[in-house]
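Worksheet: one structure, shown below.
The values are calculated or read from the model by the stated rules, or taken from the named source; none is laboratory data. Just so you know, these numbers come straight off a predicted model, no measurement behind them. Neighbour counts are summed over all protein chains in view; Cβ atoms, including those assigned to glycine, are modelled from backbone coordinates with ideal geometry. Note: accessible area is taken over every heavy atom of the protein model, side chains too, but ligands, DNA and RNA are not part of it. Shrake-Rupley method; radii C 1.70, N 1.55, O 1.52, S 1.80 Å.
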Amino acid sequence: FDRTRSSEGLLVWDSADIVPRDAWLRRTWQEYSWSDPAGAPVLLTRWQELALWEDAIASVECDVLLNATATAAVAAQAWQLLHAWEGPFDFSPFDASEDSEAFLAWMSKVRGKLRDRDWITMAELPGALRKRFAFAERPAPSAITLFGFDEITPADRRLFDAVGAERA
């Protein structure tokens, strides 16, 4: 970056804005939220999301659950994976076992509360941002170059394609 700026004949320039994926997602959502505070769902923190999962788990009767806090963390991780890999949210794949049925019940509670309260989780950000860029609610960021990704999930790929990110 510096070599390119120097070869352009510049003597000074802004440093490259290098941030981890999650920080970029949060910042981009925050900028969107500031431009439309009434129309942007509130992004939950990790702790708020875990409390939401714990509440959902506590509201569904279960005879053998030993640790609701640990279960909430695992359920939130499953939620993240479903969004990242654009997994099915129709309920047919979840009919296989008691565990998957329990997760389905918890997920239904979480989704309902997110919708009712106009909240959003980190797992949902790539899809939500992509929709906003697609509908021109917010212009996509200018130049983005991706570094250090061994694998890009389908949700991230679709978001990065929408903003014209280049992979280095």
At a 1.4 Å probe radius, carbon and sulfur cover how many percent of the accessible area of the chain?
-> 53 percent
Roughly how tilted is helix 68-84, in degrees to the nearest 10 and between 0 and 90, from the longest Cα axis of the chain?
-> 50 degrees
Give the peptides 125-134, 110-119, 8-17 in descending order of average Cβ contacts within 10 Å, highest first.
-> 125-134, 110-119, 8-17
Rounded to the nearest 0.05, what FRET efficiency do L65 and F89 give with R0 = 25 Å and r taken as the Cβ-Cβ distance? Could you check?
-> 0.60
Just the Cα atoms of the range 21-75, one point each, no solvent: what log10 I(q)/I(0) does Debye give at q = 0.18, 0.31 Å⁻¹?
-> -0.70, -1.16
Taking the chain as the reference, fit the longest principal axis to its C-alpha atoms, fit the long axis of helix 98-117 to the helix C-alpha atoms, and give the angle between the two in degrees, 0 to 90, nearest 10.
-> 60 degrees
T153/E8 FRET efficiency (R0 30 Å; Cβ-Cβ; nearest 0.05) | 0.30
What list of whole percents do you get for P(r) of the range 42-132, with Cα-Cα distances grouped in 10 Å bins up to the one holding the largest distance?
-> 16, 52, 29, 4, 0
Rounded to the nearest whole Å², what accessible area per residue is found for the chain with the 1.4 Å probe?
-> 65 Å²
Cα long-axis angle, helix 21-35 against the chain (0 to 90 degrees, to the nearest 10) = 90 degrees
